[in-house]
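Chemist: Once you've had a glance at the structure underneath, I'll fire off some questions.
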Amino acid sequence: MRKIIILSVCALLIGACSSVECPLNNTVLSVYALKGDVDTLADTLTISTIKRNGNDTVLLNQVVNTSSFKLPVSYAQDVDMLIFTMTDTLNVTRKDTVNVSKTNEPHFESVDCGPSYFHTITGVSYTKNAIDSIVISTPRITYDANQEHFYIYFKSRD
């Protein structure tokens, strides 16, 4: 009986030492907030990117009436190329290309948790068909999906 109690206590202690505290929300997203005259998007916005293999992927599909949006960040590339396609109510389409330069830093919570990548934005360049300007507000991208990283100013429709 004493051996059973000792083995039970040892099993509990060993189990207590291996508790894993991985974050529940380990998604790393960049947040774009609309600012200026167009702080709520009336036009339809689709955002896509070109992957390393040359295929394109839609990241945001036909969003309307939004004041912000969240986009994933690649961990394998130093520059993310985003294609913004704006279509207004008259079916006029304008496209812009946004290039976000960044560093990719591996982030480990524990050896038991999957790795994540945090990023530091080092620059942003863009064409100006529908976009007026983009400002980096917070250059560090982590798990905090409520932190606004970019302020984006769209041109108002004439």
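Chemist: Hey, got a sec? Which chymotrypsin sites (Phe, Trp or Tyr not before Pro) in the range 62-158 land in a DSSP loop and have at most 12 other Cβ atoms within 10 Å?
Modeler: 108
Chemist: Any chance you could get the radius of gyration and Dmax over the Cα atoms of the range 28-154, in Å?
Modeler: Values for the range 28-154 (Cα only, Rg and Dmax): 15.0, 54 Å.
Chemist: How much length, in nm to one decimal, is gained on full extension between residue 140 and residue 122, taken as 0.36 nm per residue of separation minus their Cα-Cα distance? Show your work: numbers first, answer last.
Modeler: Numbers: separation 18, 0.36 × 18 = 6.48 nm, distance 0.94 nm.
Gain in length upon complete extension: 5.5 nm.
Chemist: If you don't mind, another one. Only sites in a loop by DSSP and with at most 14 other Cβ atoms within 10 Å count here; which trypsin sites (Lys or Arg not before Pro) in the range 37-84 make the cut?
Modeler: Filter output for the range 37-84: 51, 52.
Chemist: To make sure I understand, if each residue's beta carbon is the centre and we count other beta carbons within 10 Å, what order do 86, 81 fall in, fewest to most?
Modeler: Numbers: 86 21, 81 15.
Sorted ascending by nearby Cβ count, the order is 81, 86.
Chemist: Also, I was wondering about something else. What does the charge dipole of the range 14-158 about its Cα centre add up to, to the nearest 20 debye, if the Cβ of each Lys and Arg holds +1 and the Cβ of each Asp and Glu holds -1?
Modeler: That gives a dipole near 360 debye.
Where a number appears in this text, it was derived from the coordinates with a stated rule and is not lab data. What you are looking at is a predicted structure, and each value in this text was computed from that prediction instead of being measured. So basically every Cβ, Gly included, is an ideal-geometry build from the backbone, and we count neighbours across all protein chains shown.
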